Amino acid sequence: MKTLNIAMIGYRFMGKAHSFAFGNTPFFFDRDINPVKKVICGRNEPMVRDAAGQFGWEAYETDWRKVVNRPDIDIVDIATPPVNHCEIALAAIANGKHVFCEKPLAMNADEARRMLDAAERAGIVHMLGHNYRRVPAIAHAHDLIAQGAIGEVRQFRATYLQDWLVDPDHPMDWHLDAAVAGSGPHSDLNAHVIDLARWLVGEITAVVGLKETFISQRPMEQLDAQPIMMDVTVDDASLFLARFAGGAIGSFEATRMAGGRKNALRFEINGSRGSIAFDLERMNELLFWSLDEPLALQGFRTILVTEKVHPYLANWWPAGLTLGYENAIVNEFADYFQCISQGKPCTPNFHDGWRISRVLDAVSRSWDSGHWESCDD
């Protein structure tokens, strides 16, 4: 069994999720890999020290440059805000580390291309954290489409709706600062949907979009004082239309201002012979409709995706015992470790991240131009 020493940069939400996956992947998947949580890194020493203890890391560090230079590290896992991704990844690659990076890959397509070129020159195994590909119901949708179950794909429509910013008194944080996040739900949420659209339907060639910022200022978080207001510099909502290389058309909407929607990533794909629909808030179910059914029986059927024949489920529980968000991340790292073990590429990778960034950038250009923009410019 091969030992892989992991360094993770970042320790909050995704740091916790990744730490869980590192500890549980060997329990569920035989990948001939022993992942070791060697060092976790963050700027706030008390908080990263606490995270190291809670999440089971051997050590902690406050300077990521020291971490990527350590000779005992095999994998650098980047779970920071997007503004840091490119610099950390390039340094890790220069030191011969395999790199896993959370989405979006970079602040823009130019940065993403630099990361991709460096990774390919170095020959390291790189992966991008779009864990929703590893939700068994979505993976099953991919397989059904590939098998021709819905015929020629004609339409893709998706929404990714959250509501954690509906309250105007919600304090300012880095997600609302364009200098750190790049954009709002456009990159934070649409990046996920674009990845799924490319995987399920194909490349996106042209887009036109619009955005809106509903709350232009937020209070700085502080106690027992008059709040200091800070400017919000990202979108609160983003919508765009798209054309796919294969002839399909699509619509995308992302917002963190949809009251009552907690993590409602939903998509529907219509083909010439059938349709598929999915809702992440019901993540073990896939809806399927087929024109080939007798008319008297036609209608969406609900497939409970928990059988051993469904993607990833042979490694989990008996049928009917459903999976959750964290299980998709275990599936994700199981695939990543297998790719490293076998010395083969994995997906989604930095090439996918670059292609996604080109779509995100094209939508941003259309906000200013008011016209359709090519994703290949």
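The values are calculated or read from the model by the stated rules, or taken from the named source; none is laboratory data. Being a predicted model, the structure only gives us computed values, none of them experimental. Reconstructed Cβ throughout: ideal geometry from the backbone, glycine too, with neighbour counts over all protein chains shown. Surface areas here come from the heavy atoms of the whole protein model, side chains and all, with no ligands, DNA or RNA. Shrake-Rupley method; radii C 1.70, N 1.55, O 1.52, S 1.80 Å.
Values as computed for the structure displayed
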| item | result |
| --- | --- |
| One residue from Ala314, Ala296 being open to solvent by 60 Å² or more (accessible area, probe 1.4 Å) and over 25 Å from Phe22 (Cβ atoms) | Ala296 |
| Any pair with Cβ under 6 angstrom, 6 or more apart, that starts in region 245-261 at a residue that is closer than 14 Å to His192 by Cβ and in contact (Cβ under 8 Å) with a residue 12 or more places away in the chain and ends at one that is part of a loop (DSSP other than H, G, I, E, B) and open to solvent by 70 Å² or more (accessible area, probe 1.4 Å) | Arg256/Trp164 |
| Strands (runs of 3 or more DSSP E) fully within region 1-83 counting 2 or more residues that are open to solvent by 50 Å² or more (accessible area, probe 1.4 Å) | 2-9 |
| Complete set of residues in region 46-73 that are farther than 26 Å from Ala94 by Cβ and under 27 Å from the mean Cα position of the chain (by Cα) | Met47, Arg49, Asp50, Ala51, Gly53, Gln54, Phe55, Gly56 |
| Within region 103-114, considering residues that are within 15 Å of Ile88 (Cβ to Cβ) and among the basic types (Lys, Arg), the one surrounded by the fewest Cβ atoms within 10 Å (Cβ to Cβ) | Arg114 |
| Filter result for Ala7 (out of contact with any Lys or Arg (no Cβ under 8 Å at 6 or more places or on another chain) and in contact (Cβ under 8 Å) with a residue 60 or more places away in the chain) | no |
| Residues of region 200-237 satisfying the condition of being among the β-branched types (Val, Ile, Thr) and under 30 Å from Ile249 (Cβ atoms) | Val201, Ile204, Thr205, Val207, Val208, Thr213, Val234 |
| Test: residue in region 333-350 that is among the acidic types (Asp, Glu) and either modelled with pLDDT under 95 or within 18 Å of Val135 (Cβ to Cβ) (or both) | yes |
| Tally of residues being open to solvent by 10 Å² or more (accessible area, probe 1.4 Å) and assigned to a loop (DSSP other than H, G, I, E, B) across region 120-147 | 4 |
| Near pairs, Cβ below 9 angstrom, 6+ apart or cross-chain, from region 49-75 (over 25 Å from Ile340 (Cα atoms)) to any residue that is assigned to a helix (DSSP H, G or I) and open to solvent by 60 Å² or more (accessible area, probe 1.4 Å) | Ala51/Lys16; Gln54/Lys16; Thr62/Glu45 |
| Single condition Ala106 does not satisfy, out of (1) part of a helix (DSSP H, G or I); (2) within 20 Å of His18 (Cβ to Cβ); (3) among the small types (Gly, Ala, Ser) | (1) |
| Test for Asp117: is it open to solvent by 10 Å² or more (accessible area, probe 1.4 Å), in a helix (DSSP H, G or I) and touching a Ser or Thr at 6+ places or on another chain (Cβ under 9 Å) | no |
| Count of region 245-263 residues which are crowded, with 17+ Cβ neighbours inside 10 Å and either touching a helix residue (DSSP H, G or I) at 6+ places or on another chain (Cβ under 8 Å) or within 20 Å of Leu176 (Cα to Cα) (or both) | 9 |
| Failed item, numbered, when Ala21 is tested on (1) more than 24 Å from Ala181 (Cα to Cα); (2) over 17 Å from the mean Cα position of the chain (by Cα) | (2) |
| Wholly within region 153-237, strands (runs of 3 or more DSSP E) carrying at least 1 residues that are open to solvent by 20 Å² or more (accessible area, probe 1.4 Å) and of a type in the set (D, E, K, R) | 153-161, 204-212, 229-231 |
| Filter pass, Trp354 being surrounded by fewer than 22 Cβ atoms within 10 Å (Cβ to Cβ), in a helix (DSSP H, G or I) and out of contact with any strand residue (DSSP E or B) (no Cβ under 7 Å at 6 or more places or on another chain) | yes |
| Among (1) open to solvent by less than 40 Å² (accessible area, probe 1.4 Å); (2) out of contact with any strand residue (DSSP E or B) (no Cβ under 8 Å at 6 or more places or on another chain); (3) of a type outside the set (Asp, Glu), the one test that Phe100 misses | (2) |
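A quick yes/no check of all residues on (1) over 13 Å from Met8 (Cα atoms); (2) modelled with pLDDT of 95 or more; (3) of a type in the set (A, V, I, L, M, F, W, C):
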position	(1), (2), (3)
Val36	no, yes, yes
Thr62	no, yes, no
Val67	no, yes, yes
Asp74	no, yes, no
Asn108	yes, yes, no
Met115	yes, yes, yes
Leu128	yes, yes, yes
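Results for (1) among the hydrophobic types (A, V, I, L, M, F, W, C); (2) over 16 Å from Leu287 (Cα atoms); (3) more than 15 Å from the chain's Cα centre (by Cα), shown as yes or no for each residue.
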| residue | (1), (2), (3) |
| --- | --- |
| Ala122 | yes, yes, yes |
| Asn131 | no, yes, no |
| Ala139 | yes, no, no |
| Gln147 | no, yes, yes |
| Ile150 | yes, no, yes |
